[in-house]
Amino acid sequence: MAFDTIIANGTVATATDTYQADLAIEDGKIVAIGRSLPRENARRVFDVPGKYIFPGGIDVHTHLDMPFGGTTSADDFETGTRAAAFGGTTTLIDFAIQYKGQSLRTAFDTWMQKASSKAVADYSFHCIITDLPDARLEEMKELVRDGVTSFKLFMAYPGVFMLDDGSIFKALRMAGSSGAMVCMHAENGGAIDVIVKQALAEGKTAPKYHALTRPTTAEAEATSRAIALAEMAGAPVYIVHLSCNDALEKVREARDRGLPVYAETCPQYLYLSIENFDVPGFEGAKYVFTPPLREKWHQEKLWKGLKNDHLQVVSTDHCPFCFKEQKELGVGDFTKIPNGGPGIEHRMSLVYSGGVAQGRFNVNRFVELIATTPAKLFGLYPRKGTIAVGSDADLVIFDPNREHTISAKTHHMRVDYSMFEGIKVKGMPDLVFSRGRVLVENEKFLGRAGQGEFLKRGASPGI
Ligand code: URP
Ligand code: ZN
Ligand code: ZN
């Protein structure tokens, strides 16, 4: 028997097991896992002793080619998925935005157009709903049938993205009865707007006031309200980009009560803090995203939350804007700084380094956080998110000992700074496969634009 591709002598790590094995790949799928698989007639053999074999990373929160704050995020679906691949992420779920007055279908079609000829790796969409008259509720079901099985709702950004509680409740009920997940941006937008207006009136216009006008209580209150609305609606809810202990406590309490409440955090909240604003001039704009950076002590609480399953996922919320010309739109007024930061490339190394290499959790929990749980929660499992016979051969050959210093000089994102500049990580991907095709080998990109496929997702089964 001859296989097309053999990956030999690696250490397979899934969410549950770690073991030595060879993998065989045919037609983009894993077809055999075993010891000493026959390699004689294989077209390609990759011998990887001493390396981990992980399922390809799944980043369920990115914003590629997204119009926001008077400009457009700097990575499109080609540069963004390419940078993701360099970091070991082979699937992403981006956000298709429904603008006011539009159908949900228009949002989906618009984002398909942005992605389909460009993505180098597989992708899917959540639909952001900004306008939900009763007549549009049925459209949610239609999107679910077409594989868009999650929706993002905003409790912040009044007048732009924010939905009122009644609309949120209706959307949760419809999502719950359709097998879909609601992803919630949980911040009390009304209260924040009052604080922001007061800051501007007092002449507080520097970037750090973005953080100082969005208190942790505003995030905790909205998290708690989102959970209450979901409980009343009988629906699951997934809190996105959770940044602080106050909100984490609300999620933990709800999960202790057995509610289907889930939450993600992002590397920026694990590695950066309000102290990053202590930089000269306007440079703090590099750290303007929402929710904002918090006091440093929150970081360890979030790491503990990841270990103890109070948080289930690490995503990036990759929403890159160049410092020059894009972030600079907010010189003299922090409210005009486009919100978002670049991170799609370094999620796996940052989480492995801070989590596994520093002894906070084991390698199986790492895989669960960056691939398996995202796949389960968002209807991609077991096609994605694990290493099993029949799963897509999205694989990362990962060197646990390779060290790297993150820098804008060497990263692959189309943005002129790094939020993580100078941070040293231990653990880097050497080889990255998407459906059996090599995307990255020895720092060289071998993929091509348009080879990524749209993933029609199943219902969110919960975990
Ligand atoms: O600042 C952020 N996070 N920008 C992206 C939009 C969002 O709210 O996720
Ligand atoms: Zn958000
Ligand atoms: Zn986001």
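Out of the stretch 197-218, which residues are of a type in the set (A, V, I, L, M, F, W, C), surrounded by 19 or more Cβ atoms within 10 Å (Cβ to Cβ) and over 24 Å from the mean Cα position of the chain (by Cα)? Within the stretch 197-218, just Ala206 meets the criteria. Within the stretch 301-322, the set of residues being farther than 25 Å from Tyr417 by Cα and open to solvent by 20 Å² or more (accessible area, probe 1.4 Å) comprises Lys301, Lys304, Lys307, Asn308, Asp309, His310. Within the stretch 1-60, the residues that satisfy the criterion of being at positive phi and in contact (Cβ under 8 Å) with a residue 60 or more places away in the chain are Asp27, Gly28, Gly50.
A search for C-beta distances below 6 Å between a residue of the stretch 309-338 that is within 30 Å of Tyr262 (Cβ to Cβ) and away from ligand 1 (no atom under 15 Å from the Cβ) and any residue that is among the polar types (S, T, N, Q) and modelled with pLDDT of 95 or more, counting only pairs 6+ apart in sequence or on different chains, returns Leu311/Thr265; Gln312/Thr373.
Between Glu325, Glu345, which is over 22 Å from Leu242 (Cα atoms), of a type in the set (Asp, Glu) and either surrounded by 24 or more Cβ atoms within 10 Å (Cβ to Cβ) or modelled with pLDDT of 95 or more (or both)?
Numbers: Glu345 fails: over 22 Å from Leu242 (Cα atoms).
Every option except Glu325 fails the conditions.
Just wondering, is there one or more residues in the stretch 213-220 that are at pLDDT below 95 and more than 16 Å from Ala459 (Cα to Cα)? No: the stretch 213-220 contains no residue that is at pLDDT below 95 and more than 16 Å from Ala459 (Cα to Cα).
Which of the following residues is open to solvent by 10 Å² or more (accessible area, probe 1.4 Å), within 16 Å of ligand 2 (Cβ to nearest atom) and in contact (Cβ under 8 Å) with a residue 24 or more places away in the chain: Phe108, Phe95, Phe68? On inspection, the qualifying residue turns out to be Phe68.
Taking Met155, is it of a type in the set (A, V, I, L, M, F, W, C) and over 15 Å from Thr290 (Cα atoms)? If you could, list the steps in order and put the result at the bottom.
Working: of a type in the set (A, V, I, L, M, F, W, C): yes; over 15 Å from Thr290 (Cα atoms): no.
Against the criterion (of a type in the set (A, V, I, L, M, F, W, C) and over 15 Å from Thr290 (Cα atoms)), Met155 does not qualify.
Reported count of residues in the stretch 219-246, each being part of a helix (DSSP H, G or I) and either buried (at least 24 other Cβ atoms within 10 Å of the Cβ) or in contact with a strand residue (DSSP E or B) (Cβ under 7 Å, 6 or more places away or on another chain) (or both), is 6.
In the stretch 50-67, which residues are away from ligand 3 (no atom under 16 Å from the Cβ) and closer than 20 Å to Ala388 by Cα?
Just the residues of the stretch 50-67 that are away from ligand 3 (no atom under 16 Å from the Cβ), to begin with: 50-57.
Passing the criteria: Lys51, Tyr52, Ile53, Phe54, Pro55, Gly56, Gly57.
Taken over the stretch 419-440, the criterion of being more than 26 Å from Gly452 (Cα to Cα) and open to solvent by 10 Å² or more (accessible area, probe 1.4 Å) is satisfied by Glu421, Gly422, Ile423, Lys424, Lys426.
Taking into account only those residues within the stretch 71-92 that are assigned to a strand (DSSP E or B) and in contact (Cβ under 8 Å) with a residue 12 or more places away in the chain, which is farthest from Phe433 (Cα to Cα)? Steps first, please.
Of all residues in the stretch 71-92, those assigned to a strand (DSSP E or B) come to 71-72, 89-92.
When the remaining residues are screened for being in contact (Cβ under 8 Å) with a residue 12 or more places away in the chain, the result is 71, 89-92.
Working: Thr71: 33, Thr89: 10, Thr90: 8, Thr91: 11, Leu92: 14 Å.
So, considering only residues that are assigned to a strand (DSSP E or B) and in contact (Cβ under 8 Å) with a residue 12 or more places away in the chain, the one farthest from Phe433 (Cα to Cα) is Thr71.
Are any of the residues in the stretch 130-152 part of a helix (DSSP H, G or I) and within 15 Å of ligand 3 (Cβ to nearest atom)?
Our first condition is that a residue be part of a helix (DSSP H, G or I); within the stretch 130-152, this holds for 134-145.
If we keep only those that are within 15 Å of ligand 3 (Cβ to nearest atom) as well, we get none.
Checked against the condition, which is being part of a helix (DSSP H, G or I) and within 15 Å of ligand 3 (Cβ to nearest atom), the stretch 130-152 yields no hits at all.
If I filter the stretch 344-357 for residues that are basic (Lys, Arg), touching a strand residue (DSSP E or B) at 6+ places or on another chain (Cβ under 9 Å) and within 16 Å of ligand 1 (Cβ to nearest atom), do I get at least one hit? For the stretch 344-357, residues basic (Lys, Arg), touching a strand residue (DSSP E or B) at 6+ places or on another chain (Cβ under 9 Å) and within 16 Å of ligand 1 (Cβ to nearest atom): present. Of all residues in the stretch 272-285, none are within 16 Å of ligand 2 (Cβ to nearest atom) and at pLDDT 95 or above. Would you check which residues across the stretch 402-413 are open to solvent by less than 10 Å² (accessible area, probe 1.4 Å) and outside any loop (DSSP other than H, G, I, E, B) and list them? Matches in the stretch 402-413: none.
The values are calculated or read from the model by the stated rules, or taken from the named source; none is laboratory data. None of the values given here were measured: they were computed from a predicted structure. Glycine also receives a Cβ, built like all others from the backbone with ideal geometry; neighbour counts cover every protein chain displayed. These area figures cover heavy atoms from the full protein model, side chains too; ligands, DNA and RNA do not enter into them. Shrake-Rupley method; radii C 1.70, N 1.55, O 1.52, S 1.80 Å.
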